[in-house]
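The values are calculated or read from the model by the stated rules, or taken from the named source; none is laboratory data. In this text, all values refer to a predicted model and were calculated from it rather than measured experimentally. Every residue, glycine as well, gets a Cβ built from its backbone with ideal geometry; the counts of neighbours run over all protein chains shown. Please note that ligands, DNA and RNA were not included when accessible areas were found on the heavy atoms of the full protein model with its side chains. Shrake-Rupley method; radii C 1.70, N 1.55, O 1.52, S 1.80 Å.
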Amino acid sequence: MSIDFRQLDCIYLPLIKSKQNLKGLLLVILIAFYSISFAQPTNEIRGIVKDQNKESLSFASVVLYDQVDTSVVTATSSDDNGAFVLKAEKGTYYIQIQFLSFQPFISDPINFSDRSIDLGIIILEQSSENLDEVVVSTNRSAMEIQLDKRVYNLDKDPMNKGRNASEILDNLPSVNVDIDGNVSLRGSENVRILVDGKPSGLTGIRGTESLKNLQGNILEKIEIITNPSARYDAEGEVGIINIVLKKDKKKGVNGSFDARAGYPEDFGGGFTLNYRTGAVNFFANYGVGYNKRPGSGWSIQRFETADTSFSYERNRDHRRGGWSNTFRTGANIYLGNDHVITASGLYSYSRGDNEVALSYRDIDQYGEQSQFISRDEAEIELEQTIEASFNYTKTFKRKGQQFTLDFQFTDAKDEESSNISEVSDQNTVDDIDQRVSNKENEQKWLIQTDYIHPWGKDGKIETGLKAMLRSIDNDFTVEQQDGLGDWTILSSFDNQFLYTENIYAGYLMAGNKWGNFQAQWGLRLEYSDVKTVLVNTNEVNHRKYLDFFPTTHLAYEFEGQNTLQLSYSRRITRPRFWSLLPFFGYSDSRNLFGGNPNLNPEYTHSFELGHLKYFKNGSILSSIYYRHTTGKNERLILSDSAGFTQIYPVNIGIENSVGVEFTVSYQPWSWWDMSGSVNIYRAIMEGDYLGIDYFNDTYAWNCNVKSKWSIAKVFHVQLSLNYISHMLDPQGEILSRYNIDGGLSLDLFKGKGTLTLNARDIFNTRKRRYIISGDGFYNEGEFQWRARQFTLNFSYRLNQPKAKGGKRGGGGYGGER
């Protein structure tokens, strides 16, 4: 059954626009969830944490776990005297206490009835075996360093309030989001983006574009995996970015509510709610937003042929945006002590009303204006995603032994329809009226099973199977109105593109610890069955290939809080659907963007050596990496004699890149925190296309620096600087850019509420500037996707403490159990 997205406007637009309906909806939600809440627990578990010398350990993390399902019930940290207090209702629990360079303490089961319990003095013993999870606390977020990934807990940075997923990513170390919304990791856009560890419709058919519609209030953390192990997909030259959505398992009712307003137009809000009772845990979150993003750009393009030369100046102004909604709900069902079923559903809908105004000023060989053309486009873009997920987890009596089964179905639709009018100041040139239709339908089926088997004291073996079946139907048409008012299809811009991608995978991993040394080896097999069909022209491209992807991760911890890590993985970057489409845009008729159905995958060997060092009041994580890529994919610009350019990707050759990266956190005083990262790299590419050699040797670097000041523990000021240096590409150069963001936050209502004012790109400098040249053409320009933004956000937490950045020595419990 087809869905007319426009009919949904009558459902959600009146609800959003009507203040009375909005108040009524919020009142119903509050009453419904307060009605199922109950009195706060009054029983307490107390204790004091000390070292072997009987010295108190402050800021040790103390976590209370449910003995039945090992979910986190509550957590705290010890005070200056090492004392801690936890509150809980009746039940059976156990406590875990962690502190850097000490062995974790895990208590015996605690039967909590009608009385408080005093555990007395708990002694932690020195240990060097803490490689599994070390926490570096920064005010950007709490960064957890694990053997094969870094984890950023987003709630610990109040400046993330009011931002979307794209903006949050752009504020993380190693990650950059360019003016067009493309996400890169360590300078490469070939990065795999997952949601909750799986491909998701939330990233959209187009990939990163839909991240702008994903509101930050439903995100819990982001994992950056620069050299993934064999348990992860081999897709992505430089690794994986995994976006984890909020899920809470604390008992009772808890959650948070958010609302924001901004300039230029940016309004929205949402909630995250959780209710846990007995053997069932219900969760739900919702985010809604409306915005209009203004942007602009200009370019000067010159062309030379054997007979003449000419040029034109192009100016662009646009306003993009509209409504976006994402709702997710589900439940965890605990069947006894060792079976958990999780089922969830997601619905996302957005409507974009986009306006683009282009102008061309044609200049002849004598420098005189020969023509001025105005080209205006009004576009409506409708996106819908429906996703259903199922997970079954079986735990065994032996600690660490686990079996999981995952199933996911995604149905996504993206429909664009636009009207274009083009007018010339020359009476001899006819006006042009065109309309563009682009319809995309995607379906994905995923089934995956994993098993972990522990052996010896610290060893384990992991294995699993996975199948992901994906199909996309894209129908693109451009029509033009003739002098009689009839619409005629432009045959050069009319085709139906069918894309089928079936990936079957299996993996085997083994790892162990020997004293201070830790090792993990893995092998992943992936069989790819990819088929593309251009229906109108009957062009079929069917490819099948089997690949092996070995991985190795080694780590050694030295005395003095030094950890050294070495890793290797083989990666693949399959052409994205968008890179295979013959054409996918017609806003600018003189500069046509398209894909290449004959594009082949890239293969990369990736090596990385990392070192983590703690020092007084801070830490530094440094890495050296090297990548060798074959079948390198590069987007080229080619021009014809009439001054029209085509931009499309080709497999150009090989690339070798080497770089160093540093991530630093430092707290000179308790009220001042600083953090930053810098990535310096060199990339050398060699290749050819259509008999033309393309060679590129570029040095580049980027950095992110952040400083945060706290006043009276409730008022915070933050500034951050992002800088990307000048870099070369095979046809020209990308000039440097920078932007400065700032924010103020104030804690209210005894820490239950936070008011945040954010300023993004304060000096309006976040613009892409470029110079491109080729055989007979020269192009220089500047483009800004989104102008400076100010946002005021308020969040309120219901039965949920504010997330705080821990001290340098705090142990971590933030990972999923």
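Asp118 passes every criterion in (1) more than 20 Å from Leu64 (Cβ to Cβ); (2) acidic (Asp, Glu); (3) modelled with pLDDT of 75 or more apart from (1). Is there a residue in segment 665-687 that is in contact (Cβ under 8 Å) with a residue 60 or more places away in the chain and more than 28 Å from the chain's Cα centre (by Cα)? Looking for residues that are in contact (Cβ under 8 Å) with a residue 60 or more places away in the chain and more than 28 Å from the chain's Cα centre (by Cα), one finds none in segment 665-687, hence no.
Being under 24 Å from the mean Cα position of the chain (by Cα), surrounded by fewer than 21 Cβ atoms within 10 Å (Cβ to Cβ) and at pLDDT 90 or above, is that true of even one residue in segment 269-283? No - not one qualifying residue is present in segment 269-283.
Among the residues making up segment 592-646, those that are more than 26 Å from the chain's Cα centre (by Cα), open to solvent by less than 20 Å² (accessible area, probe 1.4 Å) and farther than 20 Å from Val151 by Cα are Leu636, Gly643, Thr645. If I filter segment 35-55 for residues that are aromatic (Phe, Trp, Tyr), surrounded by 13 or more Cβ atoms within 10 Å (Cβ to Cβ) and either out of contact with any Pro (no Cβ under 7 Å at 6 or more places or on another chain) or modelled with pLDDT under 80 (or both), do I get at least one hit? No - not one qualifying residue is present in segment 35-55. Of the strands (runs of 3 or more DSSP E) that lie entirely inside segment 459-569, those containing 3 or more residues that are touching a Pro at 6+ places or on another chain (Cβ under 9 Å) and farther than 22 Å from Gly595 by Cα span 459-481, 517-534. Assess whether Lys713 counts as being surrounded by 15 or more Cβ atoms within 10 Å (Cβ to Cβ) and at pLDDT below 90. No.
Taken over segment 498-532, residues that are without any contact (Cβ under 8 Å) to a residue 60 or more places away in the chain and among the basic types (Lys, Arg) amount to 1.
Taking first residues from segment 741-763 that are under 21 Å from Arg786 (Cα atoms) and touching a residue at least 60 places away in the same chain (Cβ under 8 Å) and partners that are open to solvent by 20 Å² or more (accessible area, probe 1.4 Å) and in a strand (DSSP E or B), the Cβ contacts under 6 Å between residues at least 6 apart in sequence or on separate chains come to Asp741/Arg760.
This table checks each residue for (1) modelled with pLDDT under 90; (2) more than 30 Å from Phe644 (Cα to Cα).
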residue: Lys750; (1), (2): yes, yes
residue: Leu755; (1), (2): no, yes
residue: Asp761; (1), (2): no, yes
residue: Gln784; (1), (2): no, no
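If only residues of segment 536-571 that are surrounded by 14 or more Cβ atoms within 10 Å (Cβ to Cβ) and of a type in the set (A, V, I, L, M, F, W, C) are counted, the one that is nearest to Glu602 (Cα to Cα) is Phe549.
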